[in-house]
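Peer 1: One structure is given below, represented as structure tokens, and several questions about it will come after.
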There are 2 protein chains.
Amino acid sequence: MATGRTHRPATRSRGIPEATVARLPLYLRALTALSERSVPTVSSEELATAAGVNSAKLRKDFSYLGSYGTRGVGYDVEYLVYQISRELGLTQDWPVVIVGIGNLGAALANYGGFASRGFRVAALIDADPAQTGKMVAGLPVRHTDELEDIVEHNQVSIGVIATPAGAAQEVCDRLVAAGVTSILNFAPTVLSVPDGVDVRKVDLSIELQILAFHEQRKAGEDLGEAVAAARDTLPKAVAEPVTEPARRPGPDGDVPAVMPA
Amino acid sequence: MATGRTHRPATRSRGIPEATVARLPLYLRALTALSERSVPTVSSEELATAAGVNSAKLRKDFSYLGSYGTRGVGYDVEYLVYQISRELGLTQDWPVVIVGIGNLGAALANYGGFASRGFRVAALIDADPAQTGKMVAGLPVRHTDELEDIVEHNQVSIGVIATPAGAAQEVCDRLVAAGVTSILNFAPTVLSVPDGVDVRKVDLSIELQILAFHEQRKAGEDLGEAVAAARDTLPKAVAEPVTEPARRPGPDGDVPAVMPA
DNA sequence: CCATCTTTGTGCACGCGTTCACAAAGACAT
DNA sequence: ATGTCTTTGTGAACGCGTGCACAAAGATGG
């Protein structure tokens, strides 16, 4: 997911697999739900079901953290919550800035899941002077001019980009220059960052496109494979597209690629 | 990512790897950008850079679709845009419903990336009667009571869930019962669905937690590994947590797990 | 103290995805 | 037409992640 070069093959001190790290938040959520219900211990089987994964996978994941279970009993919920939180770095406070306070930025600012997990929204930043000073989620929107000051003053190391695609790279560069070393990118662009900076991206339309792919395939199967078979025997590339290459510009600074079937 | 059982090992007619499918939207975006600039052809090297991937990977990905390139020249941009669009199913119209019109739901409704790629927002649905009739992104918010009617009448097969965690499973069940077979879930819950239904989830706080993990590791390395080494020699599990298991309830229907270090 | 039963932790095998490296294919110049 | 040069398409090797299956560990009861 990240754009930064190789994903730290060097100095992997404890060597927790990336796939495992990605699942830890899942386990943590399931565990906190159990903790809320005052459940003292849980077996790998139960917890796996709650987290939506395989129990063997879960046990192997936990084995990378250490031996925190008790054979014949299961895992101590409270203790495991603490261990995973610590491993993920959630026992400390992470100031975060959100850049681009449009619909999405505002939604992110209001999202409870951040504050509740150690992430503190330090500031909301937008380039539009008309937005400056407006209150969103209890915080005043501040102008992009202040970006560097805000990042440095608050020791911000994590930045969230929710700007239009066109502005994302510049914002990214400025964040990195100011000291941010982790970026969560919602803009539909590939960001290039120097080594040592992590980028994760979330693209809403990509997820939908993947769903559409599977949906199309389901429909094709229902039709008895005939359509798919016909498609397979399409003529090979003929330099110029046979069908009309009609395109219309999109409203998000990104260009769509939809052709009438 | 999906919760549904094994990810269709059977009837894989054309057998495009899941990882490749996930990258096709990336290529498509890069290609449409080139198309906008009227670039006629592009080499795998250039396109790979634009999409942020390895050129060998890109070529292998395209090889699953067919031989659409010309050796010594590269790929015809327009033709490739068309082929990928067709493969992803973007040449057809996909009516989509968004359930849960809070901050996030409204942001999604306004997101241009949907409409521009063949996804048509058929309706916005919310459980709050006070919201009913309100205009969001040019569409009236409709009440949950109408969910089944809307889905069936508009032949909706893709649903987006942006409700609080507590309501997600029920909404999901109703969507599925009404005929939806693909779900994009933004609620922080594991959804259980019958076989044949695809679920993809996007969890904003999970992404941040993964970043925090890497960020913490970076900081640890800067401190000369000493801290990390000290952590490694922690006493083993002692039935009861040594440190305080303090917890405070979170505002998002989900419980946080943050302990003061 | 011993037997039984439950559940963890992990060795092992398998499959998918990634990357390398190169032969084949075509463009282009002469 | 022939040779050179560029770029694709892919065989093969490698590494990571997953899941099975089981031995070891501990709880529990007699």
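The values are calculated or read from the model by the stated rules, or taken from the named source; none is laboratory data. Bear in mind the structure is a predicted one, so any value in this text is a computation, not a measurement. Don't worry about glycine lacking a Cβ; one is built from the backbone with ideal geometry, like all the others, and counts go over all protein chains shown. These accessible areas exclude ligands, DNA and RNA; they are computed on the full protein's heavy atoms, side chains included. Shrake-Rupley method; radii C 1.70, N 1.55, O 1.52, S 1.80 Å.
Peer 1: Those residues that are modelled with pLDDT of 95 or more, within 18 Å of the chain's Cα centre (by Cα) and aliphatic (A, V, I, L, M), I need them from the stretch B:1-50; list them, please.
Peer 2: B:Ala19, B:Val21, B:Ala22, B:Leu24, B:Leu26, B:Leu28
Peer 1: Next question. Is it the case, given these coordinates, that A:Tyr79 is in a helix (DSSP H, G or I), over 25 Å from the mean Cα position of the chain (by Cα) and either at pLDDT 95 or above or more than 10 Å from DNA strand C (Cβ to nearest atom) (or both)? First the steps, then the outcome.
Peer 2: On the way: in a helix (DSSP H, G or I): yes; over 25 Å from the mean Cα position of the chain (by Cα): yes; either at pLDDT 95 or above or more than 10 Å from DNA strand C (Cβ to nearest atom) (or both): yes.
Yes.
Peer 1: Restricting attention to the stretch B:229-248, does a residue exist that is open to solvent by 60 Å² or more (accessible area, probe 1.4 Å) and modelled with pLDDT of 95 or more?
Peer 2: No, the stretch B:229-248 contains no residue that is open to solvent by 60 Å² or more (accessible area, probe 1.4 Å) and modelled with pLDDT of 95 or more.
Peer 1: Let me ask something else about it. Just checking, which of A:Arg86, A:Arg59, A:Arg71 is away from DNA strand D (no atom under 16 Å from the Cβ) and open to solvent by 10 Å² or more (accessible area, probe 1.4 Å)?
Peer 2: Just one listed residue meets the conditions, A:Arg86.
Peer 1: Could you please tell me which pairs satisfy a Cβ distance under 7 Å, a separation of 6+ or placement on different chains, a first residue in the stretch B:25-52 that is of a type in the set (Val, Ile, Thr), and a second residue that is open to solvent by 60 Å² or more (accessible area, probe 1.4 Å)?
Peer 2: Filtered contacts from the stretch B:25-52: B:Thr41/B:Val73.
Peer 1: I need a count of the residues in the stretch B:41-56 that are open to solvent by 90 Å² or more (accessible area, probe 1.4 Å) and either over 22 Å from A:Ala165 (Cα atoms) or within 11 Å of chain A (Cβ to nearest Cβ) (or both).
Peer 2: 2
Peer 1: Still on this structure, please answer the following. Taking A:Val96 as meeting all but one of (1) more than 8 Å from DNA strand C (Cβ to nearest atom); (2) over 30 Å from B:Tyr111 (Cβ atoms), write down the number of the exception.
Peer 2: All conditions pass for A:Val96, except number (2).
Peer 1: Sort out which residues of the stretch A:89-102 are more than 22 Å from B:Ala219 (Cβ to Cβ) and surrounded by 20 or more Cβ atoms within 10 Å (Cβ to Cβ), and write them in order of number. Spell out the reasoning first.
Peer 2: The initial filter retains those residues of the stretch A:89-102 that are more than 22 Å from B:Ala219 (Cβ to Cβ), namely A:99-102.
A:Val99, A:Gly100, A:Ile101 - these are the residues of the stretch A:89-102 that are more than 22 Å from B:Ala219 (Cβ to Cβ) and surrounded by 20 or more Cβ atoms within 10 Å (Cβ to Cβ).
Peer 1: Sticking with this structure for a sec: So, in the stretch B:165-175, of the ones that are within 19 Å of the chain's Cα centre (by Cα) and farther than 21 Å from A:Ser205 by Cα, which residue ends up most open to solvent (accessible area, probe 1.4 Å)?
Peer 2: B:Gln169
Peer 1: Looking at the stretch B:25-50, which of the residues that are part of a helix (DSSP H, G or I) and within 12 Å of DNA strand C (Cβ to nearest atom) is nearest to A:Phe213 (Cα to Cα)?
Peer 2: The residue in question is B:Leu26.
Peer 1: Additional query: Within the stretch A:71-90, which residues are farther than 14 Å from B:Gln209 by Cβ and either in contact with a Cys (Cβ under 9 Å, 6 or more places away or on another chain) or free of Cβ contacts under 8 Å to residues at least 24 places away in the same chain (or both)?
Peer 2: Selection gives A:Arg71, A:Gly72, A:Tyr79, A:Tyr82, A:Gln83.
Peer 1: At pLDDT below 95, more than 18 Å from A:Ile98 (Cβ to Cβ) and either buried (at least 23 other Cβ atoms within 10 Å of the Cβ) or touching a helix residue (DSSP H, G or I) at 6+ places or on another chain (Cβ under 8 Å) (or both) - does that describe any residue in the stretch A:183-190?
Peer 2: no
Peer 1: Quick check: is even one residue across the stretch A:148-156 open to solvent by less than 20 Å² (accessible area, probe 1.4 Å) and closer than 21 Å to A:Lys201 by Cα?
Peer 2: Within the stretch A:148-156, one or more residues are open to solvent by less than 20 Å² (accessible area, probe 1.4 Å) and closer than 21 Å to A:Lys201 by Cα.
Peer 1: Something else: For the stretch B:99-118, indicate whether the set of residues that are of a type in the set (Lys, Arg), more than 9 Å from every other protein chain (Cβ to nearest Cβ) and within 25 Å of B:Asp203 (Cα to Cα) is non-empty.
Peer 2: There is no residue in the stretch B:99-118 that is of a type in the set (Lys, Arg), more than 9 Å from every other protein chain (Cβ to nearest Cβ) and within 25 Å of B:Asp203 (Cα to Cα).
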